[in-house]
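One structure below.
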Amino acid sequence: MRPVLAVLLVVTLAAIAVAATAPGTSSRAPTRPTNAAPRATADPANTARVELDHAIGSSPGQGRGISPVVRGLLIPIDGAEIPSEPELLPNSPREYRAGWHEGIDFPADRGTPVRAGAAGTVIRVDRDFADWDQSALDVALRAAVDLGYTPDPTLDRIRGRQVWIDHGRHVVTRYAHLDAVADLQVGQVVTRGQIIGAVGSSGFKEGGPHLHLEVRVGDDYLGDGLEGDELVRVITRSFD
């Protein structure tokens with residue numbers, strides 16, 4: 001009797017093993033789906049991010065709702081306030097170029113002085129910037145829409161005349177669409193509140209005169225992945 005029971009037990013276990021390996025009945029954990037390509041306002045292949053262990057800001061990747069942290073910046077336009085309108089803040093769609101906004105827009109009259117948001121070293125000053133003619137701009141924008149993203153050279157040209165200031169610890173502020181720049185040199189140290197240029201609409205005149213300010217931490221930007229009240233709160237806390 002016992003040999004018969006042993007044979008039956010072996011047959012039963014074999015049947016269970018076959019059933020477990022049959023198609024559609026695997027007991028293994030499901031494979032995690034492949035992540036979609038990361039968000040990118042320029043070339044999606046550029047996935048460089050800020051250092052995770054850095055004291056100023058951290059972000060493991062775009063689109064994950066973790067924005068760099070920055071404190072103590074001066075609002076660069078005298079008397080201006082941090083805007084709350086979504087179209088003036090980071091992450092607002094820019095469908096005309098298949099991208100979105102990475103900065104904070106401060107509408108102001110042409111020629112309004114622009115001040116450095118913090119002390120730092122000038123790393124870029126566009127003294128000889130020349131706008132595209134309209135036909136060249138139209139061609140570049142159509143190409144961006146066809147690609148599904150804004151190539152870096154097109155995005156940089158759209159920002160117009162710029163000044164960039166390196167504040168150390170991977171923090172850089174970019175002041176864009178300037179009508180004019182102050183008498184600055186690359187490598188020059190500027191103080192907090194020093195006038196570095198004047199408001200304009202260079203690069204994309206359809207936007208009208210305004211300062212486009214980007215706060216970069218490594219290759220990330222302040223407000224990345226955020227929206228609504230959380231975005232406004234993070235932006236507001238970054239300024240005195």
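The values are calculated or read from the model by the stated rules, or taken from the named source; none is laboratory data. Bear in mind the structure is a predicted one, so any value in this text is a computation, not a measurement. When we count neighbours, we look across all protein chains shown, and the Cβ atoms used for this are built from the backbone with ideal geometry, even at glycine.
Within the range 109-136, how many residues are in contact with a Pro (Cβ under 7 Å, 6 or more places away or on another chain) and either farther than 24 Å from Arg71 by Cα or exposed (fewer than 15 other Cβ atoms within 10 Å of the Cβ) (or both)?
2
Taking only the range 162-176 into account, find how many residues are assigned to a strand (DSSP E or B) and within 14 Å of His210 (Cα to Cα).
First pass over the range 162-176, keeping only residues assigned to a strand (DSSP E or B): 163-166, 171-176.
Next cut, within 14 Å of His210 (Cα to Cα) only: 174-176.
Residues in the range 162-176 being assigned to a strand (DSSP E or B) and within 14 Å of His210 (Cα to Cα): 3 in total.
Can you report the number of residues in the range 177-216 which are outside any loop (DSSP other than H, G, I, E, B) and of a type in the set (Lys, Arg)? I'd like the intermediate steps shown before the answer.
So the first thing to find is which residues in the range 177-216 are outside any loop (DSSP other than H, G, I, E, B), and the list is 180-181, 189-190, 195-198, 200, 205-207, 210-216.
With the extra rule that they be of a type in the set (Lys, Arg), the set shrinks to 205, 216.
The total comes to 2.
Condition check ((1) surrounded by fewer than 19 Cβ atoms within 10 Å (Cβ to Cβ); (2) modelled with pLDDT of 90 or more; (3) of a type in the set (Val, Ile, Thr)) across all residues:
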site	(1), (2), (3)
Gly160	no, yes, no
Asp166	yes, yes, no
His177	no, yes, no
Val181	no, yes, yes
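Looking at Leu213, is it under 24 Å from Ala98 (Cα atoms), crowded, with 21+ Cβ neighbours inside 10 Å and of a type outside the set (Val, Ile, Thr)? If you could, list the steps in order and put the result at the bottom.
Values: under 24 Å from Ala98 (Cα atoms): yes; crowded, with 21+ Cβ neighbours inside 10 Å: yes; of a type outside the set (Val, Ile, Thr): yes.
Yes: the conditions hold for Leu213.
What number goes with the only condition from (1) β-branched (Val, Ile, Thr); (2) closer than 23 Å to Ala80 by Cβ; (3) loosely packed, with under 15 Cβ neighbours inside 10 Å that Val139 does not pass?
Unmet for Val139, out of (1) β-branched (Val, Ile, Thr); (2) closer than 23 Å to Ala80 by Cβ; (3) loosely packed, with under 15 Cβ neighbours inside 10 Å: (2).
Return the only residue of Val171, Val145 being out of contact with any Lys or Arg (no Cβ under 6 Å at 6 or more places or on another chain) and surrounded by 21 or more Cβ atoms within 10 Å (Cβ to Cβ).
Working: Val145 fails: surrounded by 21 or more Cβ atoms within 10 Å (Cβ to Cβ).
Val171 is the lone residue from the list that is out of contact with any Lys or Arg (no Cβ under 6 Å at 6 or more places or on another chain) and surrounded by 21 or more Cβ atoms within 10 Å (Cβ to Cβ).
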